[in-house]
Amino acid sequence: MASEPSPETLTSYLKLSDTDDNGSSHGDSLEKNPEEPPKNISKKAAKKEAMKAEKLKKQQQMAASAAQIDELDPLASNYGDIPLKELQSKDISGRVWTEVKSLSEELKDTEVLIRGQAQTIRAVSKNMAFIVLRERGFTVQCVFTIAPGFVSKQMVKFVTGLSRESYIDVYGVVSVPGVAIKGSSQQVEVQGRKIFCINRAIPTLPFNLEDAARSEAEFIKAEQTGEQLVRVGQDTRLNNRVLDMRTPANQGIFRIQYQVCNLFRMFLSSEDFVEIHTPKLIAGASEGGSAVFKLDYKGQPACLAQSPQLHKQMAICGNFGRVFEVGHVFRAEDSFTHRHLCEFTGLDVEMEIKEHYFEVLDIVDRLFVYIFDELNQKCKKELEAVNKQYPFEPLKYLWKTLLLTFKEGIEMLKEAGIDADPLGDLNTETERKLGQLVREKYDTDFYILHRYPLAVRPFYTMPCYDDDLYSNSFDVFIRGEEIISGAQRVHDAEFLSNRAQALGIDLKTISTYVDSFRYGAPTHGGFGVGLERVVMLFCGLNNIRKTSLFPRDPQRLAP
């Protein structure tokens with residue numbers, strides 16, 4: 001491990017004072033912790049990657065060894081590894097930090113202190129080294145060039161001996177180069193004067209970020225030129241999710257996801273909705289069927305909630321009028337598809353209605369047009385980052401959302417030569433085909449399909465007044481895939497009980513829910529949205545696991 005820095009080094013780190021001439025030299029030796037290359041790459045590419053990793057490790061070890069045995073360095077207090085003891089919230093130094101994203105030409109010749117991760121490290125010669133430092137998705141190039149009184153030969157060796165992804169502090173002066181900088185987001189450089197390592201990453205990472213950030217177009221181009229590139233597979237990414245999160249595309253995806261939740265809350269709050277928090281441990285299935293995670297609850301049978309459906313309706317009966325929730329939803333389905341998860345984030349809404357469930361559809365319409373408009377304005381940088389690795393067409397939507405009946409959708413499919421059951425549900429293939437037909441005819445990727453067959457809806461769904469084979473329910477689609485299910489709810493206790501029994505639901509497990517309608521209940525309706533699906537489809541991604549921070553599917557329970 002690294003030799004402990006001298007007191008002068010720590011003083012310099014805490015105060016970032018002028019160069020101290022009385023420091024002692026201190027190098028570092030890197031911990032040996034090689035790892036096997038990812039299993040999902042070709043043998044030739046894996047061998048090449050292993051050779052590169054071994055060469056890098058030897059260079060780091062040689063640099064560290066040379067720094068230890070070199071002559072005393074009068075600038076030794078300006079660099080080094082900071083011991084853990086000095087990082088245990090020991091001092092408040094009053095130092096002023098600058099965020100990487102704020103580094104611009106206006107700060108030319110200004111001294112700055114920045115912290116981030118060493119994304120790339122490149123030795124130009126024995127006298128010069130570059131580090132691209134990354135902080136929260138923004139990057140800046142730091143240059144260390146030997147200069148009397150500022151940067152020594154030993155400091156350059158220390159820089160080149162650092163491992164990628166290590167956390168570092170860099171103190172230096174902002175400069176503006178005469179040419180554009182291709183390797184970083186900020187178009188300025190920091191002329192390094194001091195550098196301290198806060199935490200070292202292992203020498204050999206499970207995969208390189210530049211490999212994980214490649215687009216499919218780059219792989220196609222490499223194949224044409226005969227270049228060997230490492231493809232990082234989905235399992236490798238998810239097994240090392242913390243590292244995978246650092247790619248520009250993933251930073252963009254999850255910042256977009258945050259904005260969807262934020263905008264959802266903002267819009268509904270402005271429409272007089274109240275946010276609630278419902279239990280995730282319940283006595284019986286909230287949606288019906290067997291796809292629930294069952295567990296023992298202090299000797300009683302229980303399960304994880306498939307949705308907040310029952311409790312958000314009870315909140316309406318409790319006179320809240322309009323409610324919403326952002327919370328976890330659990331489905332024990334053995335669905336190995338690109339769009340199903342066993343745990344996802346639900347965006348749920350429930351509201352009183354006066355005359356018609358179209359009052360709910362009006363909220364859906366205005367809510368999502370608002371979210372889409374704001375995402376396109378607020379998340380330009382994030383959308384660009386996603387589009388660079390996973391190219392997609394911007395979502396097309398109308399200022400007034402298209403509304404079609406289920407029968408109209410079936411008719412469009414039949415006219416296109418696709419057979420679909422008018423009293424059954426749409427499968428994935430027919431949903432996608434209908435989405436294509438709607439895009440061609442109405443020039444929109446976002447639309448609402450309503451009056452679904454009653455037989456394919458949950459027990460609490462209100463039937464249509466004019467045809468009890470159909471229901472006052474709806475689904476909402478993006479790019480031909482469902483993101484929302486909703487309906488007017490049954491608010492009559494006896495009718496609700498009969499519906500539940502007809503679908504095989506044990507009334508004992510939902511007795512408190514049914515009883516809530518015996519004390520006077522308003523007509524009401526609502527909907528549930530899958531957050532991960534919204535982000536996946538808005539960004540045109542091909543798998544929902546890309547939009548779940550730590551996905552849970554039938555085969556994954558870690559990390």
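Confirm whether GLN555 is open to solvent by less than 50 Å² (accessible area, probe 1.4 Å) and within 37 Å of the chain's Cα centre (by Cα).
no
Scanning the range 370-382 for residues that are in contact (Cβ under 8 Å) with a residue 12 or more places away in the chain and open to solvent by 20 Å² or more (accessible area, probe 1.4 Å), which turns out nearest to THR247 (Cα to Cα)?
Filtering first and then ranking leaves GLU382.
Between a residue in the range 267-281 that is in contact (Cβ under 8 Å) with a residue 40 or more places away in the chain and any residue that is open to solvent by 90 Å² or more (accessible area, probe 1.4 Å), which pairs come within a Cβ distance under 9 Å, given they are 6 or more apart or on different chains?
What qualifies is PHE273/PHE320; VAL274/PHE320; ILE276/PHE320; LYS280/HIS328.
Restricting the first residue to the range 489-513 and requiring it to be small (Gly, Ala, Ser), which pairs with a second residue that is open to solvent by 80 Å² or more (accessible area, probe 1.4 Å) meet a Cβ separation below 8 Å and a spacing of at least six or different chains?
What qualifies is ALA493/ARG518.
Of all the residues that make up the range 166-225, how many are among the β-branched types (Val, Ile, Thr), more than 21 Å from GLU135 (Cβ to Cβ) and crowded, with 19+ Cβ neighbours inside 10 Å?
Within the range 166-225, residues that are among the β-branched types (Val, Ile, Thr), more than 21 Å from GLU135 (Cβ to Cβ) and crowded, with 19+ Cβ neighbours inside 10 Å number 1.
Tell me which residues, restricted to the range 463-481, are of a type in the set (Asp, Glu), free of Cβ contacts under 8 Å to residues at least 60 places away in the same chain and in contact with a Ser or Thr (Cβ under 9 Å, 6 or more places away or on another chain).
The answer is ASP475, and nothing else.
Please go through (1) touching a strand residue (DSSP E or B) at 6+ places or on another chain (Cβ under 8 Å); (2) open to solvent by less than 50 Å² (accessible area, probe 1.4 Å) for VAL274 and return the number of the only condition it doesn't satisfy.
(2) is the only condition that VAL274 fails.
Residue by residue through the range 226-248, note down the ones that are open to solvent by 20 Å² or more (accessible area, probe 1.4 Å), assigned to a loop (DSSP other than H, G, I, E, B) and not basic (Lys, Arg).
GLY226, GLU227, GLN228, LEU229, ASN240, MET245, listed by residue number.
Within the range 163-208, can you find the residues that are among the hydrophobic types (A, V, I, L, M, F, W, C) and at pLDDT below 95?
Result: VAL179, ALA180, ILE181.
Can you tell me which of ARG518, ARG499, ARG552 is of a type in the set (D, E, K, R), modelled with pLDDT of 95 or more and assigned by TED's automatic domain parsing to the domain that holds PHE459?
Every option except ARG518 fails the conditions.
Here is a yes/no grid of residues against (1) over 20 Å from MET351 (Cα atoms); (2) in the same structural domain as MET314 (by TED's automatic domain parsing); (3) not β-branched (Val, Ile, Thr):
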position	(1), (2), (3)
LEU437	yes, yes, yes
ASP443	yes, yes, yes
PRO458	no, yes, yes
SER473	no, yes, yes
ILE478	yes, yes, no
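Would the range 137-147 turn up any residue that is under 27 Å from the mean Cα position of the chain (by Cα), buried (at least 20 other Cβ atoms within 10 Å of the Cβ) and not hydrophobic (A, V, I, L, M, F, W, C)?
yes
Which condition number in (1) closer than 24 Å to LYS101 by Cβ; (2) in contact with a Pro (Cβ under 7 Å, 6 or more places away or on another chain) is the one that THR204 fails?
(1)
Has the range 443-454 got any residue that is touching a His at 6+ places or on another chain (Cβ under 8 Å) and either open to solvent by 10 Å² or more (accessible area, probe 1.4 Å) or not β-branched (Val, Ile, Thr) (or both)?
No, the range 443-454 contains no residue that is touching a His at 6+ places or on another chain (Cβ under 8 Å) and either open to solvent by 10 Å² or more (accessible area, probe 1.4 Å) or not β-branched (Val, Ile, Thr) (or both).
The values are calculated or read from the model by the stated rules, or taken from the named source; none is laboratory data. Quick caveat, the model's predicted, so the values are computed rather than measured. Cβ sites come from the backbone with ideal geometry, for glycine too, and all protein chains shown count toward neighbours. What goes into the accessible areas is simple: the full protein's heavy atoms, side chains included, and nothing from ligands, DNA or RNA. Shrake-Rupley method; radii C 1.70, N 1.55, O 1.52, S 1.80 Å.
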